[in-house]
1. If a residue has to be open to solvent by 30 Å² or more (accessible area, probe 1.4 Å) and under 12 Å from residue 168 (Cβ atoms) to count, how many in the range 97-117 make the cut?
2. Report yes if residue 193 is among the hydrophobic types (A, V, I, L, M, F, W, C), in contact (Cβ under 8 Å) with a residue 60 or more places away in the chain, within 27 Å of residue 99 (Cα to Cα) and buried (at least 22 other Cβ atoms within 10 Å of the Cβ), otherwise no.
3. Does residue 120 satisfy the criteria of being outside any loop (DSSP other than H, G, I, E, B) and surrounded by 16 or more Cβ atoms within 10 Å (Cβ to Cβ)?
4. Out of (1) at pLDDT 95 or above; (2) in contact with a Pro (Cβ under 8 Å, 6 or more places away or on another chain), what's the single condition that is false for residue 64?
5. Quick check on my filter: what residues within the range 213-226 are more than 21 Å from residue 141 (Cα to Cα) and either assigned to a helix (DSSP H, G or I) or open to solvent by 60 Å² or more (accessible area, probe 1.4 Å) (or both)?
6. Do you know which of the residues in the range 19-71 that are among the charged types (D, E, K, R) and not in a strand (DSSP E or B) is surrounded by the fewest Cβ atoms within 10 Å (Cβ to Cβ)?
7. When only residues in the range 72-96 that are in a strand (DSSP E or B) and more than 19 Å from residue 6 (Cβ to Cβ) count, which is most open to solvent (accessible area, probe 1.4 Å)?
Amino acid sequence: MWPSTAAELVRAQRELAALGPPGWRPSTARPLVAGCYVCFARGEGGRGRAGERGWAAAVLMRGNRRLVESAVAVGAAGAPYEPGLLALREGALLEAALRVLAEPPEVLLANATGRDHPRAAGLALHLGAVLDLPSIGVTDRPLQAEGREPGAERGATSPVLLRGVEVARMLRTRAGARPVVLHPGWRTDLDTAIAVVLASTRRARTPEPLRRARQLARYARAAAGPDPPG
């Protein structure tokens, strides 16, 4: 399901970008949301390398308080980090963690982009397509697009544009805190992304399922200890 070379991934991304799957809307104000996150062995900086150990976590929540389930998958990076080719490095590991969950989520949150991407199909969109689940990307900043910060109040938004087209939106999830960037992914749009993320956010600026997945992945890495020498 995941390409193994950059050329294969570029071709798959172009195919995904051209698709128009039916849109999705949550059936309740607090859908069942899975956040997923992957971290890798601490190295000497740089872009990382293919084959280094990785820990992917998935956290399933109802709203911003009720934890339903969590899971961790351990594997290896599929490639070094390269902007626009993140799926080669992280895609299979994130999928593995999400498939461990006994109950399927209604929608996914991933630390990745959607249409704000060289080929309009970032990992947030790609992961949703592979799992056939609606997906939303949540990042700290745009990848290629540009936008101005929204107002300081919670819920304030502002457009993020790429070549004059709105591909993402900045959202202030906590009054006075730095905004996050929301990326519609597989079967989602901007309004849906805002509603899901606001319903999933509590005290922190990051939605709870994604924040807890990041925390769990890092705990798993710490518990594993350092890589053996050689």
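1. Total satisfying the criteria: 1.
2. no
3. Values: outside any loop (DSSP other than H, G, I, E, B): no; surrounded by 16 or more Cβ atoms within 10 Å (Cβ to Cβ): yes.
Against the criterion (outside any loop (DSSP other than H, G, I, E, B) and surrounded by 16 or more Cβ atoms within 10 Å (Cβ to Cβ)), residue 120 does not qualify.
4. (1)
5. Result: 216, 217, 218, 219, 220, 221, 222, 223, 224, 226.
6. At the first step, the residues of the range 19-71 found to be among the charged types (D, E, K, R) are 25, 30, 42, 44, 47, 49, 52-53, 62, 65-66, 69.
Subsequent filtering for residues that are not in a strand (DSSP E or B) retains 25, 30, 42, 44, 47, 49, 52, 65.
On the way: 25: 13, 30: 15, 42: 12, 44: 5, 47: 11, 49: 15, 52: 15, 65: 10.
Residue satisfying both the conditions and the ranking: 44.
7. Taking the range 72-96 and keeping what is in a strand (DSSP E or B), we get 72-76.
Next cut, more than 19 Å from residue 6 (Cβ to Cβ) only: 72-75.
Details: 72: 59, 73: 13, 74: 100, 75: 26 Å².
Among residues in the range 72-96 that are in a strand (DSSP E or B) and more than 19 Å from residue 6 (Cβ to Cβ), the one most open to solvent (accessible area, probe 1.4 Å) is 74.
Table: residues versus (1) of a type in the set (S, T, N, Q); (2) assigned to a loop (DSSP other than H, G, I, E, B); (3) within 25 Å of residue 41 (Cα to Cα).
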position: 124; (1), (2), (3): no, no, yes
position: 136; (1), (2), (3): no, no, no
position: 143; (1), (2), (3): no, yes, yes
position: 149; (1), (2), (3): no, yes, no
position: 161; (1), (2), (3): no, no, no
position: 186; (1), (2), (3): no, yes, no
position: 196; (1), (2), (3): no, no, no
position: 211; (1), (2), (3): no, no, yes
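The values are calculated or read from the model by the stated rules, or taken from the named source; none is laboratory data. The shown structure was predicted, so the numbers you read here are calculated from the model rather than taken from an experiment. Neighbour counts are summed over all protein chains in view; Cβ atoms, including those assigned to glycine, are modelled from backbone coordinates with ideal geometry. The protein model used for the area step is the full one, side chains on, heavy atoms only, and it has no ligands, DNA or RNA in it. Shrake-Rupley method; radii C 1.70, N 1.55, O 1.52, S 1.80 Å.
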